[in-house]
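Asker: Here's a structure for you.
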Amino acid sequence: MDRHNLRQPEAEVGALFVDRWSPRSFSTEELTDEQLSSLFEAARWAPSCYNEQPAHFVYARTAEDRERFCEALMDGNKVWARNAPVLLFVLTRKVFGHNGKPNRWAAFDAGSAWMSLALQARMLGLHAHAMAGFHRDKAFDILGINPEEYEVMAAVAIGRRADPSQLDEQTATKEVPNDRRPLAEVASETRLE
Ligand SMILES: Cc1cc2nc3c(=O)[nH]c(=O)nc-3n(C[C@H](O)[C@H](O)[C@H](O)COP(=O)(O)O)c2cc1C
């Protein structure tokens, strides 16, 4: 597992949480069917409001499909994400199946599912890097989905990490793990501090 000096836990925590980060240097090595199933299986077990399971992952893994998905990415992401062997979009269904009412927790639940996938990726020796930097309208076009029914929450690049020397100069400066706010700022007892 990767170890990074910047990411010093302030309390006892499972190594997996600190070990997950978002690199940009991906190897083109393909994912196996088993790896892919394992990622989605992890996402499947995420909790959700009314057990609605609103998250859905649409993925691309052939060169042709990845290129098509890349067209929706903003340039700053396109430059590095096109190397990743799997690109996907995280969708969430906006309406509850049981009563047709708007699901205010759909984004929250898709977040849980994506995080499960990202942690499972680390357990497989892979990395998953989420992106908000995509053109929403293009994503709807490419995926052929109805914006009344689904929201596109994020794009995600998944793969094995490669030597960062393959990155262009500008992207290479970003290839460092991010630190976190102090633990004291994350939670407070009885009221917002
Ligand atoms: C919803 C979401 C959107 C993000 N959008 C982008 C993006 O467009 N481009 C990018 O390079 N990183 C993006 N990131 C990665 C974050 O910048 C990164 O997760 C954050 O800085 C914490 O760093 P870490 O994941 O390495 O711990 C995104 C992450 C999330 C969860």
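Read-outs: derived from the displayed coordinates by stated rules, not from any lab. The structure displayed is predicted, hence computed values, not measured ones. In this analysis, Cβ positions are derived from the backbone assuming ideal geometry, glycine residues included, and neighbour counts consider all displayed protein chains.
Asker: Would you point out which residue out of Ala128, Ala121, Ala110, Ala72 is within 17 Å of Cys49 (Cα to Cα), buried (at least 17 other Cβ atoms within 10 Å of the Cβ) and among the small types (Gly, Ala, Ser)? Reasoning before the result, please.
Answerer: On the way: Ala128 fails: within 17 Å of Cys49 (Cα to Cα); Ala121 fails: within 17 Å of Cys49 (Cα to Cα); Ala72 fails: within 17 Å of Cys49 (Cα to Cα).
Selected residue: Ala110, the only one of Ala128, Ala121, Ala110, Ala72 that is within 17 Å of Cys49 (Cα to Cα), buried (at least 17 other Cβ atoms within 10 Å of the Cβ) and among the small types (Gly, Ala, Ser).
Asker: Tell me which residues, restricted to segment 121-142, are over 29 Å from Ala15 (Cα atoms) and either part of a helix (DSSP H, G or I) or more than 16 Å from the ligand (Cβ to nearest atom) (or both).
Answerer: Just the residues of segment 121-142 that are over 29 Å from Ala15 (Cα atoms), to begin with: 134-142.
Within segment 121-142, Arg136, Asp137, Lys138, Ala139, Phe140, Asp141, Ile142 qualify.
Asker: Could I ask something else about it? Of the conditions (1) free of Cβ contacts under 8 Å to residues at least 60 places away in the same chain; (2) surrounded by 15 or more Cβ atoms within 10 Å (Cβ to Cβ), Glu169 fails just one. Which one is it?
Answerer: All conditions are met except number (2).
Asker: Does Ser37 meet the test of being surrounded by fewer than 17 Cβ atoms within 10 Å (Cβ to Cβ) and closer than 27 Å to Glu151 by Cα?
Answerer: Working: surrounded by fewer than 17 Cβ atoms within 10 Å (Cβ to Cβ): yes; closer than 27 Å to Glu151 by Cα: yes.
When the stated conditions are applied, Ser37 passes them.
Asker: Scan segment 171-182 for residues that are more than 12 Å from the ligand (Cβ to nearest atom) and either touching a helix residue (DSSP H, G or I) at 6+ places or on another chain (Cβ under 8 Å) or assigned to a strand (DSSP E or B) (or both) and report the count.
Answerer: Residues meeting the conditions: 1.
Asker: Moving to a separate point now. So which residues in segment 57-69 are touching a residue at least 60 places away in the same chain (Cβ under 8 Å) and either crowded, with 17+ Cβ neighbours inside 10 Å or touching a His at 6+ places or on another chain (Cβ under 7 Å) (or both), if there are any at all?
Answerer: Phe57, Val58, Phe69
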